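Heads up: the structure comes next, in structure tokens.
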Amino acid sequence: MYRNVLCLVLGLVIGIRLTDLFDYLRLTDSRDYALTQAPAATPQVHAETKTETEADIAAWLFNETRVLCLVLTIPQWHHRKAAKVKNTWGSRCNKLIFLSSEEDKELGAIDVGVPEDRKNLYAKVRAGFAYAYKHHGEDYDWFLKADDDTFIIMENLRYFLYPYDPEAALYFGHKFHTDFPQGYMSGGAGYVLSRDALRRLNLFALNNTRFCPENTLSEDRQIGRCLRNVGVVAGDSRDGEGQERFLPLSPKHLVPHFPTTGWLSGLVFYKPTETCCSTTAISYHYVKDFEFEIYEYLLYRLRVFGIPVPQRTLPMRLPQQQLQRQLEIWSKEKTTNQKK
């Protein structure tokens with residue numbers, strides 16, 4: 001009761017349409033939590049990991065942790081870069097949608113109604129997230145935004161996301177620091193929104209210019225600002241050794257050492273580890289056309305004789321209280337990059 005009254009007052013103050021506000025109330029249950037808090041985690045689901053292989057668990061995760069992929073492209077790349085995405089990692093999305101200025105049913109591209117221009121990337125992504133929410137907002141758990149020169153290892157993405165409740169207000173990617181708290185996620189490395197993050201972005205941000213201004217500035221930073229303004233937390237996607245999983249460059253620019261000079265070294269939120277990168281990496285950026293098949297071969301076909309591969313099991317899903325504590329920690333984090 002108190003929550004509904006609070007949301008109603010908040011909606012009237014910030015100018016949210018009542019229909020959108022009532023949609024939000026309908027889509028969330030009657031538990032009493034504030035707009036900036038995360039809902040309780042869903043019940044723990046266990047795979048029968050004692051006898052199943054990693055391949056079995058990955059197949060189970062495909063339906064348990066459902067990811068809709070939104071990939072930015074342009075008409076002249078439909079039959080080159082976009083087609084490469086569709087024939088490789090895009091085929092492992094639960095649903096794949098290309099965001100373009102020209103519809104292409106064979107590819108799976110929609111016309112978002114935004115002219116192709118680099119300065120319009122932010123408007124294009126806004127339109128893409130609006131489309132995803134309108135047509136698929138409650139059908140998937142996570143919503144990934146990537147470019148058509150990004151390669152995503154979908155199995156590692158689902159494995160990483162599994163512990164987190166998609167009804168928590170958070171998103172993940174490669175975090176950059178900026179002039180607002182908690183930073184934002186690199187657009188090139190790709191970033192992934194929880195279902196509630198997408199809901200908040202659409203119901204409370206995209207229709208309110210105070211929370212989410214319309215401009216021609218960088219897409220990733222502006223989306224990060226919009227999400228922060230509606231209580232979405234920028235999570236930490238690094239592994240237990242502090243190595244990055246979402247990567248804004250291709251391996252040839254990152255291995256063996258993360259760059260200590262150049263544009264990237266001054267933007268990263270966390271001080272890089274000496275070596276790069278995580279053994280459970282999720283994404284690489286600036287992938288050339290011919291490299292998609294190389295990634296596919298190295299990741300999914302090549303096997304090295306004599307190297308033992310330990311069997312892994314799923315991490316436990318985070319209980320609601322532990323998840324809430326983690327969100328509070330992430331929301332207050334300060335950058336550790338001394339080169340900022």
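The values are calculated or read from the model by the stated rules, or taken from the named source; none is laboratory data. Keep in mind that what you see is a predicted model, and the values were worked out from it rather than measured. As a convention, Cβ positions derive from the backbone with ideal geometry for all residues, glycine included, and neighbour counts pool all protein chains shown. When the accessible area is computed, the model is the full protein with side chains, heavy atoms only, and any ligands, DNA or RNA have been set aside. Shrake-Rupley method; radii C 1.70, N 1.55, O 1.52, S 1.80 Å.
One residue stands out in region 249-302 among those that are farther than 17 Å from residue 337 by Cβ and of a type in the set (Phe, Trp, Tyr): the one that is surrounded by the most Cβ atoms within 10 Å (Cβ to Cβ), namely 284. Being in contact (Cβ under 8 Å) with a residue 12 or more places away in the chain and open to solvent by 70 Å² or more (accessible area, probe 1.4 Å) is the filter here; which residues of region 313-327 pass it? Selection gives 313, 316, 319. Within region 268-291, the set of residues being over 27 Å from residue 236 (Cα atoms) and not in a loop (DSSP other than H, G, I, E, B) comprises 291 only.
Within region 54-80, the set of residues being under 18 Å from residue 125 (Cβ atoms) and surrounded by fewer than 22 Cβ atoms within 10 Å (Cβ to Cβ) comprises 74, 75, 77. Taking the condition aliphatic (A, V, I, L, M) and touching a Gly at 6+ places or on another chain (Cβ under 7 Å), does residue 146 pass? Yes: the conditions hold for residue 146. Only one of the numbered conditions (1) open to solvent by 10 Å² or more (accessible area, probe 1.4 Å); (2) without any contact (Cβ under 8 Å) to a residue 60 or more places away in the chain is not met by residue 119, and that is (2). Filtering region 123-165 to residues that are aliphatic (A, V, I, L, M) and free of Cβ contacts under 8 Å to residues at least 40 places away in the same chain leaves only 127. For region 167-178, filtering for residues that are open to solvent by less than 10 Å² (accessible area, probe 1.4 Å), part of a loop (DSSP other than H, G, I, E, B) and not hydrophobic (A, V, I, L, M, F, W, C) leaves 2.
Taking region 127-155 as the range and being small (Gly, Ala, Ser) and under 16 Å from residue 65 (Cα atoms) as the test, only 137 passes. Among the residues of region 194-205, are any more than 23 Å from residue 74 (Cβ to Cβ), part of a strand (DSSP E or B) and open to solvent by less than 30 Å² (accessible area, probe 1.4 Å)? Yes, the conditions are met somewhere in region 194-205. In region 269-284, the residues that are charged (D, E, K, R) form Cβ pairs under 6 Å with partners that are open to solvent by 40 Å² or more (accessible area, probe 1.4 Å), at six or more places apart or across chains, as follows: 271/336.
Within region 132-157, work out how many residues are under 24 Å from residue 88 (Cα atoms) and open to solvent by 10 Å² or more (accessible area, probe 1.4 Å).
Total satisfying the criteria: 10.
Are any of the residues in region 51-64 farther than 18 Å from residue 142 by Cβ, among the hydrophobic types (A, V, I, L, M, F, W, C) and modelled with pLDDT of 95 or more? No.
Within region 139-163, take every residue that is in a loop (DSSP other than H, G, I, E, B) and touching a Phe, Trp or Tyr at 6+ places or on another chain (Cβ under 8 Å) and give me the one that is farthest from residue 287 (Cα to Cα). Filtering region 139-163 for residues that are in a loop (DSSP other than H, G, I, E, B) and touching a Phe, Trp or Tyr at 6+ places or on another chain (Cβ under 8 Å), the one farthest from residue 287 (Cα to Cα) comes out as 153.
In the condition set (1) modelled with pLDDT of 95 or more; (2) surrounded by fewer than 22 Cβ atoms within 10 Å (Cβ to Cβ); (3) more than 14 Å from the chain's Cα centre (by Cα); (4) within 18 Å of residue 145 (Cβ to Cβ), residue 231 is compliant with all but (4).
Against the definition (of a type in the set (A, V, I, L, M, F, W, C) and open to solvent by less than 10 Å² (accessible area, probe 1.4 Å)), how does residue 114 come out, yes or no? No.
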